[in-house]
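**Q** Dumping the structure here so I can ask a few things about it.
Quick note: the coordinates plus some simple rules give every number you see, no bench work behind them. Quantities reported herein were computed from a predicted structural model and do not represent experimental measurements. Here Cβ is always computed from backbone atoms with ideal geometry, including for glycine, and neighbour counts include all displayed protein chains.
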Ligand code: BG6
């Protein structure tokens, strides 16, 4: 994917709907501050935080400072130069359903245009619960804030984009009445992570890997996203979602497309997206190869934690999964017969996201007679400590025949310094410069839902119950059997 370059950015106003929400506080404000520190904001720029609560601009700026102090990767300096950043901030109180009030929002934005020279260009960032997406998009159109011929408007939409294919289609239809596809930026924050952006480079810029990247040399692929957190007060959302919709439909399938796609004809956005869609269209799963789990009580980092069904605002009889493991196949010429094992869960013993490419063993003629010998592994660690590790076999020094696995490690931090940009910095920057490669196109969303819907429908039809696993474990033992039945093991166990 294209390298982050400092380009001259068009003047614009970033309008954040959801000023007091968690995402704004934890991610957006700190990301904007870091972009400011890096000189990567437009010269003529303003931010309007839109929220339902009554607040003065001073109070809203205080929120910004607090969020930077708490969550920014760089320290808040608080000196004169930061005032320039804070001066970009405005607050606007709006009940999303108060249609009249949008007229005043429009006037406010135009007033800022006059003062800041932002020329009518807008990024509307919908950092709100999904049920408000459609209303806001329609009100923007009704009040003539988008589209507008003499300037550009873009809309950024957070996940979840629908709850299934039908609701995603309905939502898309409404948003498309206001915005054209190329104005819509559907966020998948995993695409903003450095190591995920590195996947294409790793594959297509290295003679060592690309010729081997197929079913002749790769035995199987594993993708693990493990989290230690529970649902963290998001019970009502999670009860509607579950791990399949929350993680597999978006983050996991996006990574899978980047691992499995054919080389695009070009590095432009649409060429890359075209190849990703083909992968999603080729995906197959057997329902018997899907494990559905839910955490019970247990211990994480020495601390006793409650079961999912004891969490705040979660139904005690809930059948929502907090863990999914599955085996899928990409049925095309490159990947036929290569299993892709995926698993994701909350309340696992450690937090990490990694991809493991396990290469085929050599014929058991000389060394591979010994079943214990490890195959070559390429491990792409997305987080924490992003890096790439290549495991191969070497002779143990001082012995005659003993073979030991050794590892070549590339730690991402050794290249960039440990303070590399956060995903939202890259994503916000890309929206402002109109670069949409790291966002998902409608057909990617559509095919991801098709894949996920068939599993969800099967669960519902067959009344598949979740299997309880203790918090602090790697999910139900059925997830281990899933891979063991094929004579393989999850990496790192
Ligand atoms: C979000 C999910 O999209 O991703 C959360 O809604 C999950 O449930 C989060 O915790 C994980 O993101 P990260 O960047 O912490 O791996």
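**Q** Using per-residue counts of other Cβ atoms within 10 Å, averaged over each peptide, order 335-344, 165-174 from highest down.
**A** So the order, starting with the most tightly packed, is 335-344, 165-174.
**Q** Full extension from residue 392 to residue 75: what is 0.36 nm times the residue separation minus their Cα-Cα distance, to one decimal in nm?
**A** Separation in residues times 0.36 nm, less the Cα-Cα distance, equals 110.1 nm.
**Q** Moving on. In what order do 57, 322, 440 fall by count of nearby beta-carbon atoms within 10 Å, going from fewest to most?
**A** Going from sparsest to densest Cβ surroundings: 57, 440, 322.
**Q** Still on this model: So what's the range 1-128 giving for Cα Rg divided by 2.2 N^0.38 Å, two decimals?
**A** Working it through for the range 1-128, the quotient is 1.04.
**Q** Run the simple label-point estimate for residue 313 and residue 173 please: 7 Å along Cα→C-beta, distance reported in nm.
**A** Result: 2.9 nm between the two label points.
**Q** Explain nothing, just the number: relative contact order of the chain, from Cα pairs under 8 Å at least 6 residues apart, as a whole percent.
**A** RCO, the chain: 17 percent.
**Q** Measuring from the lowest to the highest alpha carbon on each principal axis, how far does the chain reach, largest first, in angstroms?
**A** That works out to 77, 49, 45 Å along the principal axes.
**Q** Another question, then. Roughly how many Å is it from the Cα centre of the range 320-338 to that of the range 6-29, as a whole number?
**A** Spelled out, the Cα-based centre of one part sits 36 Å from the other.
**Q** To the nearest 0.05, what FRET efficiency results for residue 232 and residue 385 with a Förster distance of 22 Å applied to their C-beta separation?
**A** 0.45
**Q** Roughly how tilted is helix 442-461, in degrees to the nearest 10 and between 0 and 90, from the longest Cα axis of the chain?
**A** 60 degrees
**Q** From the square roots a ≥ b ≥ c of the eigenvalues of the alpha-carbon gyration tensor of the range 362-493, which class results: rounded (a/c under 1.5), prolate (a/b over b/c), or oblate?
**A** oblate
**Q** Sequence gap at least 6, Cα distance under 8 Å: using those rules, report the relative contact order of the range 357-493 to the nearest whole percent.
**A** 10 percent
**Q** Quick check: Cα centre of the range 456-493 to Cα centre of the range 348-400, how many Å?
**A** So the two Cα centres are separated by 23 Å.
**Q** Can you give the angle from 0 to 90° between the axis of helix 57-71 and the longest principal axis of the chain, with both taken from C-alpha atoms, to the nearest 10?
**A** Value to nearest ten degrees: 20.
**Q** If you don't mind, there's one more thing I want to ask. Considering only DSSP beta bridges where both residues belong to the chain, give the percentage that are antiparallel (nearest 5).
**A** Bridges in the chain are about 55 percent antiparallel.
**Q** Let me ask something additional. With an 8 Å Cα cut-off and a minimum separation of 6 or more residues, compute the relative contact order for the range 317-356 in percent.
**A** Rounded, it is 36 percent for the range 317-356.
**Q** Where in the range 259-302 does the label zone of residue 210 land, with the point 7 angstrom along Cα→C-beta and an amide N cut-off under 14 Å?
**A** Once the point is set 7 Å along Cα→Cβ of residue 210, 261-267 turn out to lie under 14 Å by backbone N, inside the range 259-302.
**Q** State the Cα centre-to-centre distance between the range 38-75 and the range 176-242 in whole Å.
**A** 28 Å
**Q** Mind pulling the angle between the C-alpha long axis of helix 165-178 and the longest principal axis of the chain? Nearest 10 degrees, somewhere in 0 to 90.
**A** 30 degrees
**Q** Between residue 336 and residue 287, what length in nm is gained on full extension when 0.36 nm per residue of separation is reduced by their alpha carbon distance?
**A** My answer for the length gained is 15.8 nm.
**Q** Could you compute the FRET efficiency for residue 369 and residue 267, with r as their C-beta to C-beta distance and R0 at 41 Å, rounded to 0.05?
**A** 0.40
**Q** Here is a further query. According to the square roots a ≥ b ≥ c of the eigenvalues of the Cα gyration tensor, what is the shape class of the range 149-195, taking rounded for a/c under 1.5, prolate for a/b larger than b/c otherwise, and oblate for the remainder?
**A** Oblate shape, in that a/c is at least 1.5 and b/c is the bigger or equal ratio.
**Q** While we're looking at this one, here's another question. What's the FRET efficiency of residue 150 with residue 462 using the Cβ-Cβ distance as r and R₀ = 60 Å, to the nearest 0.05?
**A** Efficiency at R0 = 60 Å is approximately 0.60.
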